[in-house]
1. Give the separation of the Cα centroids, the stretch 103-119 to the stretch 180-210, in Å.
2. Mind jotting down the distance between the C-alpha centroids of the stretch 347-364 and the stretch 211-228, whole Å?
3. Taking 0.36 nm per residue of separation and subtracting the Cα-Cα distance, what length does fully extending Gln274 through Lys163 add?
4. How much solvent-accessible surface does Lys367 expose, in Å² to the nearest 10, with a 1.4 Å probe and all protein chains in place?
5. Accessible area of the stretch 330-383 with a 1.4 Å probe: how many percent of it is carbon plus sulfur?
6. Got the relative contact order for the chain handy, in percent, Cα pairs under 8 Å and 6 or more residues apart?
7. Which of rounded, prolate or oblate describes the stretch 111-235 when judged by the alpha-carbon gyration tensor and an a/c cut-off of 1.5?
8. Could you compute how much accessible surface Arg330 exposes when probed at 1.4 Å, giving the result in Å² to the nearest 10?
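The values are calculated or read from the model by the stated rules, or taken from the named source; none is laboratory data. Given the structure is predicted, the values throughout are model-derived calculations rather than measurements. Reconstructed Cβ throughout: ideal geometry from the backbone, glycine too, with neighbour counts over all protein chains shown. For accessibility, only protein heavy atoms count, side chains too; no ligands or nucleic acids. Shrake-Rupley method; radii C 1.70, N 1.55, O 1.52, S 1.80 Å.
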Amino acid sequence: MIFFDNASTTKPDEVALSIFEKTNIDAFYNASSLYKVGVQNKKKLEQIKHNTLSLLNANLHDNFIFTSGATEANNIIIKGIVRNKNSKLIFSSAEHPSVYNCAKELESQGYNVVFLPLTKAGIVDENIFSKEVDINTAFISIIHVSNETGAVNDIKKLVKHAKSINPNVIFHSDGVQAFGKIEVNIRNLNVDAYTISAHKIYGLKGIGGFYIKNNINLKPLIHGGGQQENFRSGTENFAAICSFEHTVTEAISNQAIRYKKALDVCNHFKSKIQQALPNTILISGEDCSPYIITLAFPPVKSETLVYLLDEKGFLIGNGSACSSKNKGNRVLNNMGITANIIDSSIRISISKNTTKKEVDALVIALKECVESYMSKIKITQKV
Ligand code: PMP
């Protein structure tokens, strides 16, 4: 089985798994306990928080809150920050459902929510962004790297522009598909909040978190024992957080070298698939993250390709795995892509371990699947 759906999740590395198991055996204590081993866990948590902030190149006086993953982090940020129904809240149309559906919920409660359209390349249209941001804008959330296409928003530029219009605006970015894959530097981006998740970068599911500037007034979403400075109550998942530390450290120390390799594999795939199937429609453009390649072979339906490739031992995605139950594709639709291309769009997402040999095998399998589908259509049409 060859896994080409690494944007939906990645295989956890052995060390991430063993740290989780060992910590749960040797140091299962509650980090809020007063006895020595509890205090030790608390100290370690603080140290991991600092390490994470420095890996993000954030100010160490700011905060990093551990959560069960990016979905929870996005909910805490969006629902915790937003309070004034008169102010404007801006979101891109490319947001992951964990952001987009929070925005929809706020809209249904009567908040003034604006969804920005996308360019053909799948990023926020900077002209429209400039026109929309005003002194009344309280909150902006723009995804860093799209989970659908790999399109990369210029967050630094957007933040700079938004803050020049309203210095009090709170700018959040969902960095789940960016952190550990492209360079992420919080000081440089100057965002107020930033979300990450371990299971997209060879860590465990159920652990992630968010960076937040220390001057932001965040109302807790989850009430309880007041852990993590009351930002997120609940006994800290100490073993998962220790494993998370390994995951983020590895991701950052290898980011540049993994990026180079991913780019090489991505370009190899793009050129091979276009040679094998000249009618291939590449949706992910040149400027996209090399880890995500969205493409289409109309009229072959994406579900059909997913099933046929599964039979041959290749696992691929059709759009966002998190939203696969939803019909259509909001993001591709917003990019102006026609319905027949959307219906046949698939997502190939590569990992640090993907090889050119695996990609070559995928291209052969894709060619066989597309050609066999097309020949069946021809027979049906003749009949
Ligand atoms: N944001 C983005 C961009 C994602 O790709 C995902 C995972 N599909 C999430 C948020 C949700 O992450 P988690 O699974 O950690 O809740």
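1. The stretch 103-119 and the stretch 180-210 have Cα centres spaced 24 Å from each other.
2. 41 Å
3. 35.7 nm
4. The value for Lys367 is about 70 Å².
5. About 57 percent, which is the carbon plus sulfur part of the accessible surface.
6. Taking the mean separation of contacting Cα pairs over the length of the chain, I get 23 percent.
7. oblate
8. Accessible area of Arg330: about 70 Å².
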